[in-house]
Every structure is written in C-alpha cells, then in structure tokens.
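Right, one structure below, let's go through it.
The values are calculated or read from the model by the stated rules, or taken from the named source; none is laboratory data. What you see is a predicted model, and the numbers here were worked out from it, not measured in a lab. All Cβ positions, even for glycine, are placed from backbone atoms using ideal geometry, and neighbour counts span all protein chains on display.
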Amino acid sequence: MGAAAGWLATHSTLTLGGLLSLWLGGLAAWTLLEWLLHRAMHLDTGIAVIARLQDSAHLRHHREPDDLEHSIIRLRNSLPITMLLFGILVLMLGQVDQALAVLCGLITGYLLYEGVHLSAHALRPLPGLRALRRLHLRHHFARNDLAFGVTSPVWDWIFGTYRAGSEPRPSGSGLRRA
Ligand SMILES: [Zn+2]
Ligand SMILES: [Zn+2]
C-alpha cells in the first residue's frame, strides 16, 4: 500500500481532497465487502468444492479459534482478491489513480479488520473494541448466523443480522492471551 500511496503522490492529477474522498469511499466499501465475504463463508451451497473453500478460508477458524494461522487471511487468498478488486475498480472508474486510491481505502479497511479480529480473540482486547469483540464472540460461540461485520455492525443493522446480547462464555479456551 505504501508503494501505491507513493505512486499516487507523484503521478496522480487528483487533488488531495479527491484522493482522500476516494480513500474514504474505499474504507467504507470495505465494511460492506467484509460483511458480504463473511456471509458467503457461512452459506450452505451443497457444492463440495465451495464447501472446501469455505472451510479452509473461514470455517476452520470457527473450529479452531485459538489457532493464529487460521485466524488471519492468508496472502495466497488476499493477493488474488486484491488484484481482482483492482481490475474491477479500473473498469468501473476508468482511471488507474482513482482505482488505486479506492484500493488503498479497501486495504486500510482490511488491515483494520485483521487488528479488530485479533483483538476480539485476545484475552485483553484493545480499549474501545469491547463492543465489537462482544458481537464477534456471539458470532463464534452463540449464533453464527448473526454479526458478520467485524469492524462495523452497520451492515448487520441494514441486513437484519444484528442482535445485541451479553458476551457469551465459550466452553473451551476460545480466547488467546494478548
Ligand atoms: Zn464466521
Ligand atoms: Zn474470529
């Protein structure tokens, strides 16, 4: 992302305000993408190849929430998705610099997701993230048909998958020390 920001600073004809708006748009779009991807991981399609993909990309994390390796989206999965998104953005926006600015916002959202998600599984979550942690732990240990948003509950409110409740107490360790 640093290289993309450097390229934008030296090559883009967009104003700083324009770049910031596109970056913020990408950041907001991440919250929707996060909800959609997470929702898709829990869809039962009945197709074996999709079930295997869902399992390696996400459902294994539900079975083994303490396993750091399966808590983080792997580079081999995130890199092709990033390239695909960049291609779609170039086609949609028609300009490489605009597409890169939105992509930087999406990547920022993704990095925030990783931080919030790791904090949710830590015994001592980061200050200010307790509400998001409660929602994610409910998704894990009480209702995995609710709370697909990790960095934001906005799309859960909109799509009807938000329901507040007390923090569930997992029967196993379920949590990792920070
Ligand atoms: Zn899940
Ligand atoms: Zn999790």
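Yes or no, residue by residue, for (1) more than 16 Å from ligand 2 (Cβ to nearest atom); (2) within 23 Å of Gly115 (Cα to Cα):
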| site | (1), (2) |
| --- | --- |
| Pro65 | no, yes |
| Arg76 | yes, yes |
| Leu91 | yes, no |
| Asp97 | yes, no |
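Quickly run through the range 119-165 and pick out the residues that are under 19 Å from Leu27 (Cβ atoms) and either part of a helix (DSSP H, G or I) or touching a strand residue (DSSP E or B) at 6+ places or on another chain (Cβ under 6 Å) (or both).
At the first step, the residues of the range 119-165 found to be under 19 Å from Leu27 (Cβ atoms) are 119, 126, 128-129, 132, 148-158.
The answer is Ser119, Leu132, Val154, Trp155, Asp156, Trp157, Ile158.
Does Pro170 qualify as being within 15 Å of ligand 2 (Cβ to nearest atom), crowded, with 16+ Cβ neighbours inside 10 Å and modelled with pLDDT under 90?
no
Output the residues belonging to the range 60-111 that are more than 16 Å from ligand 1 (Cβ to nearest atom), surrounded by fewer than 20 Cβ atoms within 10 Å (Cβ to Cβ), in contact (Cβ under 8 Å) with a residue 60 or more places away in the chain and more than 21 Å from Ser152 (Cα to Cα).
Answer for the range 60-111, where residues must be more than 16 Å from ligand 1 (Cβ to nearest atom), surrounded by fewer than 20 Cβ atoms within 10 Å (Cβ to Cβ), in contact (Cβ under 8 Å) with a residue 60 or more places away in the chain and more than 21 Å from Ser152 (Cα to Cα): Leu68, Asp97.
Have a look at Arg124, Arg76, Arg143 and point out the one that is under 30 Å from Leu8 (Cα atoms) and of a type in the set (Lys, Arg).
Going through Arg124, Arg76, Arg143 in turn, the sole match is Arg76.
Any idea which residue in the range 140-159 is nearest to ligand 1 (Cβ to nearest atom), counting only those that are surrounded by fewer than 16 Cβ atoms within 10 Å (Cβ to Cβ) and of a type outside the set (A, V, I, L, M)?
The selected residue is Asn144.
Quick one: count up the residues across the range 29-52 that are surrounded by 15 or more Cβ atoms within 10 Å (Cβ to Cβ) and away from ligand 1 (no atom under 14 Å from the Cβ).
Final tally of qualifying residues: 5.
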